[in-house]
Amino acid sequence: MPSFDEVLKEAGEFGRFQKRVFFLLCLTGITFSFLFTSVVFLGKAPDNYWCRIPGAAESSKRCGWTLEEEQNFTVLPLLLGNRSSRGQCERLDVVWDTSTSCTSPLTPYSNHSTGNLPLTACHDNWVYKQPHSSIISEYDLVCGSAWMLDLSQAILNLGFLAGAFTLGYAADRYGRILIYLLSCLGVGICGIIVAFAPNFTVFLLFRFLQGVFGKGTWMTCYVIVTEIVGSDQRIVGIVIQMFFTLGIMILPGIAYLVPTWQGIQLAISLPNFLFLLYYWVVPESPRWLLTRKKGEKALKIVHNIAKHNGKYLSPHYTEITISNEEVINPSFLDLVRTPQMRRNTLILMYAWFTSALIYQGLVMRLGIVGGNLYLDFFISGAVELPAAFLILVTIDRIGRRLPFAISNIVAGIACFITAFLPEDTPWLKTTVATLGRLGITMAFEIVYLVNTELYPTTLRNFGVSLCSSLCDLGGIIAPFLLFRLAAIWLELPLIIFSILAVVCGLLVLLLPETKGISLPETVEDVEQLS
């Protein structure tokens, strides 16, 4: 009996059928990037807000004050008396009632100089010029509660982490397309609930679940694309990540046009429901069906692929070689039981962790420069496009391993040089740091491809999901590592990044080269890779 790769060569390794499925699944990259980076706009700092004095709302209504007039009465004395206070985290320790003058509400305190007015910390009752512009103004994530904005992103990353384990396992157990469709449904429903969450606790709960399902859509669509094309076409996985970058470039446009955070949340969540239509156009992975002893269904899908590709499939292809290896309940032990699998798993886990930590660290570092948020965010996405083009140019000519190693080492060297460049050459520091980001972006994109190629079909989705969970751990640690070390020495994070990247570049040289090699079907196939 012929193997699946032999049959696929006759049916077409990247014909019209695969191109259609590929394009449709690439759109998932756009919506996942929306989810991944949306906190930048959902949590945009409000332009103008202050702490309201008790009784001010009633006095404002009675006296007919505008918001600007109320703000002047509330904040102006603070600015005159204490230049360090803007009336955002503290207020005048007074109470306004019906006896309060509409023209001079602070008259009873005229015996105090502006520098000695009584002050108290503000714990609630903030006023925002645009109350629904972001989750900060919606849930009062200011002053002592400002850290909760970081918590919301950490919760999302925890959702990614949970999704990597649960839905990665489920996709290997119950099928790629089923889990993909359920994940798309979950992202859409949870996204709507997040938009209308009555309080911050509900917001966090469904943000976590949106992370779980979001991870399911991203990882599963990547595996489906990799499994339905020939071994020479698997770089299509790199193109999927170009759609992720495209999403980063589209998001600021959506945020610019939609004035409220609820509107942005709905705009980035509702498209996931359209992916449910893929039930009729995207098939189950034939490779997965073979591992589940469903050769007839797999052969039927291959015949359909040949038909749409305009190919003729030989009549003697009535059966396809079925893997004798079946993993009913995949676990971490399956990934480290044999020498080659163990080495691959440990190196890939470190590569995922390092890529995410350095990538997010450099993004946050370049982002602390002020300016136009929408334009800066768009440019930060555009910087990533050359990485994908460089990979597409080199990966089929040179292979996977060498570009993987070089991109990490270049990122590490760039971070190290940036740390010691003089402060009076900001353009040079930014240029070299951008080179580091280009390198780590290439490494981030290559690790996706290499990860899928180094695991057998029976463990592929689980292996990719488990290893990529270290990416989510890196994303959780990155802001804490960056800001805590920067407090000691501003450039110390770059030194840590450079060490991590160079070590990663050396370690990936120990991985087997997978250029032009058929996807391994069993653990034995992996052990035979050199």
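The values are calculated or read from the model by the stated rules, or taken from the named source; none is laboratory data. This is a predicted model, so every value here is computed, not measured. Please note: Cβ atoms are built from the backbone with ideal geometry, for glycine as well, and neighbour counts cover all protein chains shown. These accessible areas exclude ligands, DNA and RNA; they are computed on the full protein's heavy atoms, side chains included. Shrake-Rupley method; radii C 1.70, N 1.55, O 1.52, S 1.80 Å.
A Förster distance of 35 Å, applied to the separation of the beta-carbon atoms of residue 510 and residue 146, puts the FRET efficiency at 0.20.
Where the only charges are on Cβ atoms (+1 Lys, Arg; -1 Asp, Glu), what is the dipole of the stretch 327-529 about its Cα centre, to the nearest 20 debye?
Numbers: 12 positive and 15 negative charges, 44 e Å.
About 200 debye.
If R0 is taken as 51 Å, the Cβ-Cβ distance between residue 16 and residue 490 corresponds to a FRET efficiency of 0.40. Across the stretch 265-276, rounded Karplus estimates of 3J(HN,Hα) from the backbone phi angles (6.51 cos²θ - 1.76 cosθ + 1.60, θ = phi - 60°) give 4, 5, 5, 8, 9, 4, x, 5, 5, 5, 5, 5 Hz, Gly and Pro being marked x. Which of the lysines could be linked to residue 61 by a straight reach, that is with a Cα gap under 20 Å, when you skip same-chain ones fewer than 8 residues away? Excluding near neighbours in sequence, the set is 129.
Cβ screening of the chain for cysteine pairs under 4.7 Å finds these without a partner: 26, 184, 190, 221, 415, 467, 471, 504. Looking at the stretch 327-529 from every direction and averaging, what is the projected area of its Cα convex hull in nm²? If you wrap the Cα atoms of the stretch 327-529 in a convex hull and average its projections, you get 12.0 nm².
When the Cα positions of 304, 354, 258 are compared along the charge dipole of the chain, 304 comes out farthest toward the positive end, with charges on each C-beta of Lys, Arg, Asp and Glu. Distances between placed amide hydrogens fall under 5 Å for residue 119 paired with 93, all partners being 5 or more residues away or on another chain. Quantify how much of the Cα-Cα distance distribution of the chain extends past 42 Å, in percent. Summing the P(r) tail past 42 Å for the chain gives 29 percent.
Hey, what's the chain come to in accessible area per residue, 1.4 Å probe, Å²?
Spelled out: the 1.4 Å probe surface of the chain, per residue, equals 42 Å².
Per-residue packing, averaged as other Cβ atoms within 10 Å, sorts the ranges 192-199, 414-421 into the order 414-421, 192-199, beginning with the highest. Over the chain, DSSP H runs of length four or greater, each weighted -39,500 (n - 2.57), average out per residue to a 222 nm ellipticity of -21500 deg cm²/dmol. Give the cross-link partners of residue 293 among the aspartates and glutamates, using a straight C-alpha distance below 15 Å as the criterion and excluding same-chain residues fewer than 8 apart. The qualifying aspartates and glutamates are 172, 284, 319, 325, 326, 521. Taking packing as the residue-averaged number of other Cβ atoms within 10 angstrom, the listed peptides 243-250, 474-481 run from highest to lowest as 243-250, 474-481.
Largest accessible area first, the listed residues 240, 155 line up as 155, 240 when surface is computed with a 1.4 Å probe on the assembled protein chains.
Ranking of 90, 384 by solvent-accessible surface, largest first: 90, 384 (1.4 Å probe, protein heavy atoms only, all chains present).
Tally up the carbon and sulfur contribution to the accessible surface of the chain as a whole percent, 1.4 Å probe, everything protein left in place. The nonpolar share, carbon plus sulfur, comes to 65 percent. Let me check against my output: what whole-number percent is the relative contact order of the chain, with C-alpha pairs under 8 Å and at least 6 apart? Relative contact order, the chain: 20 percent. Once all protein chains are placed together, residue 123 keeps about 150 Å² accessible to a 1.4 angstrom probe. Shape verdict for the stretch 442-530, please, from the Cα gyration tensor: rounded (a/c under 1.5), prolate (a/b greater than b/c) or oblate. The shape class here is prolate.
Between residue 270 and residue 120, the contour length at 0.36 nm per residue exceeds the alpha carbon distance by 49.6 nm. Assuming charge only on the beta carbon of Lys and Arg (+1) and of Asp and Glu (-1), the dipole of the chain about its Cα centre is about 680 debye to the nearest 20. Between 143, 497, 220, the Cα set farthest toward the positive side of the dipole of the chain (charges on each charged residue's Cβ, about the Cα centre) is that of 220.
Protection proxy ranking for 279-289, 165-175, using the average of other Cβ atoms within 10 Å per residue and placing the highest first: 165-175, 279-289. In straight-distance terms, cross-link reach from residue 307 covers every one of the lysines whose alpha-carbon lies under 18 Å from its own, apart from those fewer than eight places away in the same chain; here that gives 9, 19, 297.
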